[in-house]
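**Q** Structure in C-alpha cells, see below.
Here, each number is a calculation from the coordinates, and none is a lab measurement. None of the values given here were measured: they were computed from a predicted structure. Cβ atoms come from the backbone with ideal geometry, glycine included; neighbour counts cover every protein chain shown.
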Amino acid sequence: MTVADKRLNPSRLRRDFPMYARRRNFVYLDSAASSQTPLAVLKAMNDFYGQCRANIHRGMYSASLEATNRYEAARAKIAAFLNAAPDETIMTRGATESLNLLVQTLARRLGPGDEVVTTLMEHHSNFVPWQQLAKERGFTLKFVGLTPDFQMDMAAARRLISSKTKVVTVTHVSNAMGTVTPVAELAKLTHAVGAVLIVDAAQSIGHRPIDVKKLGCDFLAFSGHKMFGPTGTGVLFGRRDRLQALPPYMYGGDMISRVTKDKSEWNELPWKFEAGTPNIAGVIGLGAAIDFIGILGEKNIHAHEQRLTNLALGRLSKIKGLRVIGPSAKADRGAVISFVLGDVHPHDLTNVLADAGVCVRGGHHCAMPLMLELGLAGTTRASFSVYNDEKDVSALVAAIQKAKKMFDV
C-alpha cells in the first residue's frame, strides 16, 4: 500500500485484505461486528512469531528484548493515536475486558446513595456489569433515554447528572443505531459534579479522529478487531491520576513490584493492570493497524464512510415498508444503519441477504434494553468501512428488494 491510497479507492484497498481474494461476490457490510484484517497486520504478527518469539519484560536475551521493544513500540503508537501517554494506555483483550476492569475497580468505592448514569443504547458490556454491581453494592443505576429522532436526550442527562452521580458511562457511537453521543458536552456536565466519565469507543475508533484530551473523558475503551487489528486485543485509556488511584484488576506476573509473605507492592503504570503474559503478537498487530489507519488518514476514512452511509440512507429511504432505526440527520452519524422491513424478523431478512452474498447482522446487537424500549425483536444492521463502495450499497438495496418480493412486504 502506498500514500496514493489516501484517495481511498476501495477496489484498490481490497487487495490489502486477503478475504476478498478468497471469496467472490463478497459484500461485507458487517464491520461494526468485526473489520477485515489487512496484510500489513498479518505480516507484523507473523514476523513476531518467526523472528523474536519470546516472552516480554523478563528475558535478558536478544529475542526477549526485541519482542519487548516491538510490544512497547506498539503501545507508544496507540498512545499517540489517542493523544495520550504510554503509561495511560493499558493493553487488554478488548473493550469488554476494559469496561469490566473499570466496573470492578471503581464500583468498590460505591454504595447506597451513590448513582451511576448511563444510557439505554449501551452495548451489554457497558450495561450488564454496572447492573450486576449495583445489586451487589447498593448504588443506583440511572438511564438517559432517547429523543424521537434516536439522539441522546441531553435535557434528561442534565436532570439526571447530579451531586449523587459518581460515574457517567456512555457509548461514543451506538453500535445498534449509529447515534453519536456528545461526549465533550457530557464531560463538562460530569466533571462539574465531581464524577468520572467513561467512554465506550468500540464503534468510533478507527472510523473518526479521537483525541482523549479534546473529548475530556477520564477513561476510554475499545477493541482492536473493529479497527483492522487482531481479535483478542483492546485498550483502556485512563488519565494517569485516575489510574494511579485505582486498585489492580487482576493479580499475577508482571503487575508485581515486590512480594513478601505479608504484603505485595504493585508495578508502575501501565503494567499495574497487565497481569500475566499478554497477547504479544496481537498488540504488535494492533500497532500495525494503527500504521495502516495513519496511511489512509482518519479524516479520509471518516469522510468516505459518511459519504457511503448518506448514500445508503438515501437509497433505503425510497424502499416502501422499510424503516430506519436511527438518526435521520446525516451530518454526524456512525457508519451504521439499522432497519426493519415490514414485520419480517431480522434473522429471516439477514438469511435472505446472505444468500445474495450480502453480509449484514440481524438481531439485538447486544443492546437488548434498547430493543425492548423500542418494542422491537431486533433490527438488520449494515455497516461500512474503507473497503466498501457504491456497488456494495447497490447490492444491499437489490437484496432487500428481493426479500420484499419473497416476504410480500
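**Q** Under 14 Å Cα to Cα from Lys402, which aspartates and glutamates show up? Leave out anything in the same chain fewer than 8 places away.
**A** The qualifying aspartates and glutamates are Asp348, Asp355.
**Q** Pulled fully out, how much extra length does the chain show between Ser317 and Glu298, if you take 0.36 nm times their separation in residues and subtract their Cα-Cα distance?
**A** Between Ser317 and Glu298, full extension yields 4.0 nm more.
**Q** Which pairs in the list Lys330/Lys391; Lys214/Lys330; Lys320/Lys391; Lys77/Lys166 are over 26 Å apart, alpha-carbon to alpha-carbon?
**A** Distance filter (> 26 Å) returns Lys77/Lys166.
**Q** For region 232-317, which GluC sites (Glu not before Pro) pass both filters: DSSP loop (anything but H, G, I, E, B) and at most 15 other C-beta atoms within 10 Å?
**A** Answer in residue order: Glu268.
**Q** Please name which of Ser62, Thr181, Ala195 has its Cα lying farthest along the dipole of region 43-294 towards the positive end, using unit charges on Cβ (Lys, Arg +1; Asp, Glu -1) and the Cα centre as origin.
**A** Farthest towards the positive pole: Ala195.
**Q** Could you state the number of Å between the C-alpha centres of region 24-44 and region 156-206?
**A** 30
**Q** Ok, one more. At most 15 other Cβ atoms within 10 Å plus a DSSP loop assignment makes a site exposed; report the longest stretch of the chain without any exposed chymotrypsin sites (Phe, Trp or Tyr not before Pro).
**A** 62-250
**Q** Could you check the spin-label model distance between Lys330 and Arg242? Points 7 Å from the Cα along Cα→Cβ, value in nm.
**A** Roughly 3.5 nm, to one decimal.
**Q** Something else about it: Using the Kirkwood radius over C-alpha pairs as Rh, can you work out the diffusion coefficient of region 43-294 via Stokes-Einstein at 10 °C, viscosity 1.306 mPa s, in µm² per second?
**A** 84
**Q** Further question: Could you check the simple spin-label distance between Ala356 and Asn9, using points 7 Å along Cα→Cβ, in nm with one decimal?
**A** 2.9
**Q** Follow-up question, since we're still on this one. So how far, in whole Å, is the C-alpha centre of region 236-255 from the one of region 73-117?
**A** Region 236-255 and region 73-117 have Cα centres spaced 8 Å from each other.
**Q** How far is it, in nm, from the label point at Thr140 to the one at Ala40 when both lie 7 Å from their Cα along the line to the Cβ?
**A** 5.0
**Q** Okay, moving on. Which residues make up the longest stretch of the chain clear of trypsin sites (Lys or Arg not before Pro) that lie in a DSSP loop with no more than 14 other Cβ atoms within 10 Å, not counting the sites?
**A** Looking at the chain, 59-260 is the longest stretch - no exposed trypsin sites (Lys or Arg not before Pro) with at most 14 other Cβ atoms within 10 Å.
**Q** Taking the Cα centre of the chain as the origin, how large is its charge dipole in debye, to the nearest 20, when only Lys and Arg (+1) and Asp and Glu (-1) carry charge on their Cβ atoms?
**A** That gives the chain a dipole magnitude of about 520 debye.
**Q** Okay, which of region 201-222 sit inside 15 Å, backbone N to the point 7 Å along the Cα-Cβ direction of Lys188?
**A** 214-217
**Q** Continuing with this model, one more query. At 222 nm, what helix-only mean residue ellipticity would the chain give, in deg cm²/dmol to the nearest 500, using -39500 (n - 2.57) for each DSSP H run of four or more?
**A** -12000 deg cm²/dmol
**Q** Using +1 at the C-beta of Lys and Arg and -1 at the C-beta of Asp and Glu, which of Val235, Ala382, Asn46 has the Cα lying farthest in the positive direction of the dipole of the chain?
**A** The residue sitting farthest along the positive end of the dipole is Ala382.
**Q** Something else about it: Distance between the C-alpha centers of region 275-303 and region 359-409? Whole Å please.
**A** 28
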